[in-house]
Amino acid sequence: MDIPDYDKALYFTLWGQWDDLLVLMVRTKDDMLSKKIQLFLHAYHYSLDQSKIMSSHDNLLYYVDHAMKYEPVPIMEI
């Protein structure tokens, strides 16, 4: 998973670029990011409950924020 996927997810979410967010959902290698995007887009398009939409939006942003802080431990080659 590259950090640019998280940057893209954040940008697309904040600027309402749902088509690009959908493409990112399909192409990313991060399964959790893909699922969070899927849940948000489904709620946005099909839910009538505003609180459910806001909750899924916030969950996506919290995950992106959390994932951007994580740095994988480098693996030493012998």
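What follows draws every value from the coordinates through simple rules; no lab data is involved. All figures in this text were calculated on a predicted structure; none of them were measured in a lab. Backbone-built Cβ (ideal geometry, glycine too); neighbour counts: all protein chains shown.
Residues of the stretch 1-47 that are acidic (Asp, Glu) and assigned to a helix (DSSP H, G or I): ASP5, ASP7, ASP19, ASP20, ASP31.
Taking into account only those residues within the stretch 54-74 that are hydrophobic (A, V, I, L, M, F, W, C) and surrounded by fewer than 17 Cβ atoms within 10 Å (Cβ to Cβ), which is farthest from the chain's Cα centre (by Cα)? Among those that are hydrophobic (A, V, I, L, M, F, W, C) and surrounded by fewer than 17 Cβ atoms within 10 Å (Cβ to Cβ), it is VAL73.
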